[in-house]
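Here the structure is laid out as structure tokens; the discussion comes afterwards.
The values are calculated or read from the model by the stated rules, or taken from the named source; none is laboratory data. Here the structure is a predicted model, which is why all the values come from computation and not from measurement. Ideal geometry is used to build each Cβ from the backbone, glycine not excepted, and the neighbour counts take in all protein chains shown. Quick note on the areas: whole protein, heavy atoms, side chains included, nothing else; ligands and nucleic acids left out. Shrake-Rupley method; radii C 1.70, N 1.55, O 1.52, S 1.80 Å.
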Amino acid sequence: MANALFYLMALLSVASALGVVLAKNPIQCVLSLLGSFFCLATIYLLAGFQFIAAAQILVYGGAIMVLFLFVIMLLNLGDPGTADKTDARMFSRPNVAAVVVVAALLLGVAVYAVKLSPVVHAAQELPERGIDTVHGLAGEMFGRYLLPFEAVSLLLLATAIAVVVLAKRERSPKRGAKS
Amino acid sequence: MIAWQDLLVMVLKIALIFGGLINVGALMTLAERKFSAWMQYRIGPNRVGPWGLLQPLADGVKFIFKESLMPDGANKALFRFAPVIAALPAFMTIAVIPFSNDIVIAGKNYGKLAIADLDIGVLFLLAIGGLSVYGVILGGWASNSKFSLMGGLRASAQMISYELTLILTILAVIALSGTLNLAEISDGQATIGTWNIWSQPLGFMLFVIAMFAETNRHPFDFAECEAELVAGFHTEYSAMKFALFFLGEYSAMTVISCLATVLFLGGPSVPFWVDAPWYVGFGAFIAKTSMFLFLFIWVRWTLPRFRFDQLMGLGWKVMLPLALFNLFVTGVFVSLGWNLWAKLGSLI
């Protein structure tokens, strides 16, 4: 049962991920991405990681995708019909061949990385409480991995500030020119 | 194997909670009209049944027999899907609310009146509840109408802004009770002195304000805004699709009132009666939730609507800093172990 559900969800998530790239209407792209996130959250649940599943839906489903939709609606991209002309070229033989080769390479790298990854081998030596509950996860995150966790949050903060600075700098010369 | 008695108890609980939610949604439409009439010196609906009690039923039948319109140029699939996704989250999230203490009938313990006792109950509620904004946005966009689109855009901006405050105030409660399980949170407030409203007065106020914005109710109902946007995101909707939006709004109000009861008012705890039987506790829960539901109606017919920039200013410049401050102070108290309120609670 759980296995069947896993394969179904994996298939659906890949299908909706393809939908993100192939759909012509940007709103449909966003909705496909949302569907993909949901399938991933279900897979996390099947693996017993309740917190990560909830966080996935809360952060990506509830907040980030809403912002995506918001921006797309504001941009008003209009008639998607203009994209049709490129379609014939998109699926030409060299392009498809290139995509297949790159995908195969990526898959190989991914499989190799998973095989080498310390995470897979460390699965047996996880703390006795495990990281599937909130308590266990918090204990690990704010105990053993506190420093990396804080470093990542600082990195994210720096990125956010950098984005604001970059976005502001573009505008200020115009204002100066006017006044 | 699950014994068939357990299964029967589970099915009964689901039927009771789910049926209760839908009926409260229907009754709220009547209550809204009755109370608004009362506040405006009118009589309100009084033709269908005694005190107009059958009015929601009559409305339901009317909605079913109305013509369902599809606007020109609408995205058909999304137009049909949006009301469903607007109503679904409220129906899903009611599952984690614990309505009573352990039900004991003839010496046998049937557990709490709750469908699911999740360890991540609060997170589940927030995650699924946050999805209700899609119904409003997609409904607004798929209608192919400028009024609808404006309503949808406003709703998305508003709900994201106020969700932050809502989550931060809930985080402070979680920090106090040390668990994400709603049943354990309400268990931790068994006596009136330990209710979180005393230790989180600021958090409670922020939660109540954000609650109005999250459910798109007056004075924050910018998704509808009938004075300028006709009816906002559901301008183009008719018949049962419109009724689903309506049901979704009232169900969301009910769920968030239940959440406020669990988080701040001790859930099923009865003031000054610690070992009250479960049905008294259940009654207390219903009474507290009804109080919040009445507040929704009371505010709607009392206050005028904000301006949109005022709404955003309030959300980002006042409520968010206050919520952060509240969380910070709570964090300091918790980490230093100053449990002043538990001492006070033991006195009562």
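Quick notes
- Of all the numbered requirements in (1) within 12 Å of chain A (Cβ to nearest Cβ); (2) surrounded by 23 or more Cβ atoms within 10 Å (Cβ to Cβ); (3) at pLDDT 85 or above, residue B:132 misses one, and that requirement is (3).
- Check on residue B:203, in a helix (DSSP H, G or I), surrounded by 24 or more Cβ atoms within 10 Å (Cβ to Cβ), within 11 Å of chain A (Cβ to nearest Cβ) and not basic (Lys, Arg): no
- Scan of segment B:263-275 for residues that are free of Cβ contacts under 8 Å to residues at least 60 places away in the same chain and open to solvent by less than 60 Å² (accessible area, probe 1.4 Å), ordered by number: B:270
- Output for segment B:113-128, where each listed residue is surrounded by fewer than 24 Cβ atoms within 10 Å (Cβ to Cβ) and more than 8 Å from every other protein chain (Cβ to nearest Cβ): B:113, B:114, B:115, B:116, B:117
- Restricting attention to segment B:135-145, the residues that are more than 11 Å from chain A (Cβ to nearest Cβ) and part of a helix (DSSP H, G or I) add up to 2.
- With respect to the stated conditions, residue A:106 fails to be within 11 Å of chain B (Cβ to nearest Cβ) and either surrounded by fewer than 16 Cβ atoms within 10 Å (Cβ to Cβ) or at pLDDT 85 or above (or both).
- Condition broken by residue B:85, with the remaining ones in (1) within 14 Å of chain A (Cβ to nearest Cβ); (2) under 20 Å from residue B:183 (Cα atoms) satisfied: (2)
- Unique match (being in contact (Cβ under 8 Å) with a residue 40 or more places away in the chain, in a helix (DSSP H, G or I), more than 20 Å from residue B:165 (Cβ to Cβ) and open to solvent by less than 10 Å² (accessible area, probe 1.4 Å)) among B:233, B:296, B:285: B:285
- Residue B:67 within 20 Å of the chain's Cα centre (by Cα) and of a type in the set (D, E, K, R): no
- Applying the set (1) within 12 Å of chain A (Cβ to nearest Cβ); (2) in contact with a helix residue (DSSP H, G or I) (Cβ under 6 Å, 6 or more places away or on another chain); (3) assigned to a helix (DSSP H, G or I) to residue B:172 leaves exactly one unmet item: (1).
- Checking the stated criteria, residue B:155 turns out not to satisfy the condition of being farther than 23 Å from residue B:231 by Cβ and of a type in the set (A, V, I, L, M, F, W, C).
- The residues of segment A:66-77 that are in a helix (DSSP H, G or I) and more than 8 Å from chain B (Cβ to nearest Cβ), listed by number, are A:68, A:71, A:72, A:75.
- Number of positions in segment B:56-94 that are closer than 30 Å to residue B:279 by Cβ and open to solvent by less than 20 Å² (accessible area, probe 1.4 Å): 5
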